Amino acid sequence: MIRRLPAKLLLAPLFALLVAGLAAPAGAADAVTKTFDGWTATCNNLLSCVVLATASDDLFYVRIARDAGATAAPTVKLVLAAQEPLKGPQPAFRLVANSDGRKDALGPFPASAPDQDSSILEATLPEGAPSLAVIDAIRNAATLDYAVLATRGSLDLKGLAAALRFIDAQQGRQGTPSALVARGMTPIGQVPAPPAAPVVAAASSDGVSAIDKPAVPKAVADMATPVCDPEAVADQSEAQAWHLGPDVTLYALSCSQGAYNTVSALYLVAGDKAPKPVNLPRPAALKGDSADNVAENVGFDPKTMTLSSFGKGRGLGDCGTSASWLWDGLGFELLQASLLDACPGALPEDWPSIYAAQRKTQ
């Protein structure tokens, strides 16, 4: 029986967000996030922002996204994630914004499904005017009724205006015509440009490959035993390994097994040298007290030289964290990280970004 890893060694701070107030946008280096009556507003290191909330029935959510910069336009995405496959001709979202007895009908917005048997329907409105019209209609309303096929429900809009005002402040849009709330006549040219993205480069993928059923060196297992569940280290049937070069091997050892997450400890072995724990840089919101070489549900893609981690907040996978790192020949550099701590939340591809770098093209 594999025991769980002690809490201090798990990614305990998985959902420990870096909460900030209306800080000045200039020079923002870390993600900032704040929740307003169920609406989560997050801006990453590039001041790319997301506002998101889920209906009380856990089926429907609205995601509003906007990059930094004077010319960046908002985008609205509508998602219905039902428990059963959705059937019907020409599905579309029909919305009604309710405020003080007034009802504003919005749509229909054609919806699509990832595949024929999918229980997910989504519609991404064109950026700019179409999305902005929906934002203007719902930002000060009380509730948003939705209907798609035979499914109906309602989303509480309390907190939306405050969340939009928050990202306006982070992006320096207050009082300009580009603001989502409280527009003014301040010249739009005063909206700051987005910060420059960090640039990371991957090493050559020549000779890089996965190792089938790797034998874990005793030195690696001995190093992992004090910080992992000893039973998990002893049973390495799920261990992974990759050749990163002629003389460098990456090992991912099972460190703890949970209901829906496998925690791994990562080590590098170069030639006949002693193994070294991998250093995985993380944004401030994810650092906490977890070990730098520990991650959840890891994988490595030899073609892109990318190490990935995906931690589920619960079995449905509607909240949690994801991150990826590039191998540059010497170590791993952070490429991206996303986080959503609200459960029920959203599909992983809609989790707000908390860090983004630019991959250097060869």
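The values are calculated or read from the model by the stated rules, or taken from the named source; none is laboratory data. Keep in mind that what you see is a predicted model, and the values were worked out from it rather than measured. Cβ coordinates were reconstructed from backbone atoms using ideal geometry, including for glycine residues, and neighbour counts include every protein chain displayed. Surface accessibility is based on the protein's heavy atoms, side chains included, excluding ligands, DNA and RNA. Shrake-Rupley method; radii C 1.70, N 1.55, O 1.52, S 1.80 Å.
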So S118 and Q90, fully extended at 0.36 nm per residue minus their Cα-Cα distance, gain in nm 8.6 nm
At a Förster distance of 35 Å, what's the computed FRET efficiency of A142 paired with A203, Cβ-Cβ distance as r, to 0.05? 0.05
Mind checking the angle between helix 160-170 and the chain's longest principal axis? C-alpha axes, 0 to 90 degrees, to the nearest 10. 60 degrees
Helical contribution to [θ] at 222 nm, DSSP H n ≥ 4, -39,500 (n - 2.57), averaged over the chain, rounded to 500: -2500 deg cm²/dmol
Can you pull the one-decimal nm distance between simple spin-label points at D57 and L330, each 7 Å off the Cα toward Cβ? 5.5 nm
Which one of G299, L286, S154 is farthest out on the positive end of the charge dipole of the chain, using unit charges on Cβ (Lys, Arg +1; Asp, Glu -1) and the Cα centre as origin? S154
Relative to the chain, whose Cα atoms define the longest principal axis, helix 129-138 and its Cα axis are tilted in degrees, nearest 10, by 80 degrees
Keeping the other protein chains in place, figure out the carbon and sulfur percent of the accessible area of region 210-362, with a 1.4 Å probe. 53 percent
Nearby lysines by direct alpha-carbon distance to K213 (threshold 25 angstrom, same-chain neighbours under 8 apart not counted): K273, K276, K303
By how many nm would the segment from Q190 to D222 grow when fully extended, if each residue of separation counts as 0.36 nm and the alpha-carbon distance is taken off? 5.8 nm
Solvent-accessible area, 1.4 Å probe, carbon plus sulfur percent, for region 40-165: 50 percent
Cross-link partners among aspartates and glutamates for K34, C-alpha distance below 16 Å, same-chain residues fewer than 8 apart left out? D168, D341
Size of charge dipole - the chain - debye, nearest 20, with Cβ of Lys, Arg +1 and Asp, Glu -1, no other charges: 760 debye
Would you mind getting the accessible area per residue of the chain, heavy atoms of the protein chains only, 1.4 Å probe, in Å²? 46 Å²
Whole Å is fine, so just give me how far the alpha carbon centre of region 262-311 lies from that of region 46-85. 30 Å
Taking Cα Rg over 2.2 N^0.38 Å straight from the coordinates, which label in (1) 1.06; (2) 0.98; (3) 1.10 is the correct one? (3)
